[in-house]
1. Could you please give the count of residues in the range 387-445 that are on the phi > 0 side of the Ramachandran plot and among the polar types (S, T, N, Q)?
2. Among the residues of the range 151-161, are any closer than 30 Å to residue 201 by Cα, open to solvent by 40 Å² or more (accessible area, probe 1.4 Å) and not in a loop (DSSP other than H, G, I, E, B)?
3. Scan the range 34-45 for residues that are under 25 Å from the mean Cα position of the chain (by Cα) and open to solvent by 10 Å² or more (accessible area, probe 1.4 Å) and jot them down.
4. Has the range 534-544 got any residue that is among the aromatic types (Phe, Trp, Tyr), open to solvent by less than 30 Å² (accessible area, probe 1.4 Å), closer than 16 Å to residue 496 by Cα and part of a loop (DSSP other than H, G, I, E, B)?
5. I'm checking my understanding of the structure. Among residues of the range 162-199 that are surrounded by 14 or more Cβ atoms within 10 Å (Cβ to Cβ) and basic (Lys, Arg), which one is nearest to residue 85 (Cα to Cα)?
6. Looking at (1) farther than 28 Å from residue 576 by Cβ; (2) open to solvent by less than 50 Å² (accessible area, probe 1.4 Å); (3) aromatic (Phe, Trp, Tyr), which is the one condition that is false for residue 235?
7. Answer with yes or no whether residue 312 is closer than 24 Å to residue 369 by Cβ, in contact with a helix residue (DSSP H, G or I) (Cβ under 6 Å, 6 or more places away or on another chain), open to solvent by less than 10 Å² (accessible area, probe 1.4 Å) and of a type outside the set (Phe, Trp, Tyr).
8. May I ask you to verify whether residue 17 is open to solvent by 30 Å² or more (accessible area, probe 1.4 Å), farther than 19 Å from residue 164 by Cα and modelled with pLDDT under 95?
Amino acid sequence: MNLKHYLLLFLIGTIMGCQDKVNKNSGPQFSISFSNEASTTAKDGRLLLLLSTNDESEPRFQINSGLNTQLVFGQNVEAMEPNTFLSFEKESLGFPYPSLSEIPPGEYWVQALLHVYETFNLSTGHTVKLPMDNGEGQQWNKSPGNLYSKPVKITIPSKATESFELVLDQIIPPIAEPEDTEWIKHIKIRSEKLSEFWGRDMYLGAHILLPKGFKVHPEAKYPLMVFQGHFPSDFGCFRTTPPDPNLEPDYAERFQVEGYNIIQQQEAYDFYKRWNEPDYPRFLIIEIQHPTPYYDDSYAVNSASQGPYGDAITYELIPHIEKEFRGLGEGWARFLYGGSTGGWEALAVQVKYPDEYNGCFAACPDPIDFSAYCLTNIYEDENAYYYNSDHKTLEVPAHRDYLGNIQSTIREENHLELVLGDKSRSGQQWDIWEATYSPQSSEGYPQRIWDKKTGDIDHKVADYWKENYDLRYILERDWSSLGDKLKGKIHIYCGDMDNYYLNNAVYKMEDFLESTTDPYYDGEVTYGDRAEHCWNGDPEQPNHISRLRYNSMYVPKIMKRIAESAPSGADLKSWRYQ
């Protein structure tokens, strides 16, 4: 064999080796379109490719940041036309695998979904594209009007590149509005303040639980309890009949409790019976619907990117409810409570509207001191994803159980959000904090508190957060003017093994509150031993029970507060009938 033959064989071998390497690393390719049956008009939005190694449920329902998550890849689309294929290739951003080229070979169930965006012309002069809530509470995998494909089973080979086509030919249907009952009413109002900000009609809603004897006591006017929290599809934890006798018991993995669905129904029925007891105080209780294009609720405060939700709720929605359902309509007769997001809202609304409410009961609140923003100090840390070290790489945890076992990290949760939607459009937890607390960018979207890919913190944005939404800092800064208005109104509860490390910020808030003088805050901060999220102040009951009793557990303290603080001449009798 001469030199020419050797060179030829070497060249062929090199080419084949390179080709084999390409085949191994390029990964599968997916082309996605939507049919005329799904829509005849062009769509903007976030196109998601979803894969699962099991068919226990559709892939779109198996995406999360925990250990049992399946696979998702995402990209923006603008003016996507029907019957036009768009491709996902190896560079497409994904979670938990960063790219398609890293997907292990094997069998998968695959599905695609288009999370549809609408265009908003804001009063700030910006034009933004965001997903409008359609009655589902900002859930991308359930939002009516989103397009999706049915799951199909595929095989991804180990070497050769394989191409797949998916057609979005399904539409998530509308959600029926809940119907009024004897006890529960539902209202929705157009908010002038929000409609002006968003450049289109925007609505606020509420589910109202009426007191016993509402119809037969037209002379009565009632105090108001506001149950803050995530988007409620209807008024929860209230039923007029015992548990369904044929209900098949389920298992609550979170609480490791068998038959939790039966327990929930029993607790709801028990509350109905308490609500009707002769000596039970007669209140109105409301659960508010205030989803935004960024999340399932607004956090109940004014913000640069979401608009004046705080003012809209306090000065439009609540007065409307009190007028229609005979509320007393005065600050001394309004109370706030809730857990997690609702815990932060209860405290924040009380702080920002101190004269409009007479007490808050904030359970397991989202971070109320941003020097303990979960496990990140946004003022001093340089990076949110990694601990500072010259020689080690150690990620900051995001979620634990009461024994300290870690399920996810801050980097992982933020990278998942980035796949689901850029520009704070994922509809998830870290993005809504940005949408609420951040100044508006030049594009009209929230400014990032940190680089979503690297975790590097923007301390100018952190300073804005501090001055406007760090509740411990605001209380300390303004105690001379707020102290007298908030004395006796602040009650905070948290488990000392909160899954999201929210107890750390509560410790810092407690330190400040206990240091107050002239006046002393005269409230309470209480912890649940080894209690996870969302412990709400009952030391006698486990989490899975006490979380079902929000609407009754604070009533004795509310009644005590009314007795101590109601102004002279206040109506303390018309609502105290049997």
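1. Summing the residues that are on the phi > 0 side of the Ramachandran plot and among the polar types (S, T, N, Q) in the range 387-445 gives 1.
2. Scanning the range 151-161, I find no residue that is closer than 30 Å to residue 201 by Cα, open to solvent by 40 Å² or more (accessible area, probe 1.4 Å) and not in a loop (DSSP other than H, G, I, E, B), so the answer is no.
3. The first filter runs over the range 34-45 and keeps only residues under 25 Å from the mean Cα position of the chain (by Cα), leaving 44-45.
44, the sole residue that qualifies.
4. Initially, the range 534-544 is screened for residues among the aromatic types (Phe, Trp, Tyr), giving 535.
Applying the additional criterion that residues be open to solvent by less than 30 Å² (accessible area, probe 1.4 Å) yields 535.
Next cut, closer than 16 Å to residue 496 by Cα only: 535.
When the remaining residues are screened for being part of a loop (DSSP other than H, G, I, E, B), the result is 535.
Scanning the range 534-544, I find at least one residue that is among the aromatic types (Phe, Trp, Tyr), open to solvent by less than 30 Å² (accessible area, probe 1.4 Å), closer than 16 Å to residue 496 by Cα and part of a loop (DSSP other than H, G, I, E, B), so the answer is yes.
5. If we take residues in the range 162-199 being surrounded by 14 or more Cβ atoms within 10 Å (Cβ to Cβ) and basic (Lys, Arg), then 193 is nearest to residue 85 (Cα to Cα).
6. Residue 235 satisfies all of (1) farther than 28 Å from residue 576 by Cβ; (2) open to solvent by less than 50 Å² (accessible area, probe 1.4 Å); (3) aromatic (Phe, Trp, Tyr) except (1).
7. Numbers: closer than 24 Å to residue 369 by Cβ: no; in contact with a helix residue (DSSP H, G or I) (Cβ under 6 Å, 6 or more places away or on another chain): yes; open to solvent by less than 10 Å² (accessible area, probe 1.4 Å): yes; of a type outside the set (Phe, Trp, Tyr): yes.
Taking the combined requirement at face value, the residue does not satisfy it.
8. Details: open to solvent by 30 Å² or more (accessible area, probe 1.4 Å): yes; farther than 19 Å from residue 164 by Cα: yes; modelled with pLDDT under 95: yes.
Against the criterion (open to solvent by 30 Å² or more (accessible area, probe 1.4 Å), farther than 19 Å from residue 164 by Cα and modelled with pLDDT under 95), residue 17 qualifies.
The values are calculated or read from the model by the stated rules, or taken from the named source; none is laboratory data. These numbers come from a predicted model, not from an experiment. Note that each Cβ is placed from the backbone with ideal geometry, even for glycine, and that neighbours are counted across all protein chains shown. Surface accessibility is based on the protein's heavy atoms, side chains included, excluding ligands, DNA and RNA. Shrake-Rupley method; radii C 1.70, N 1.55, O 1.52, S 1.80 Å.
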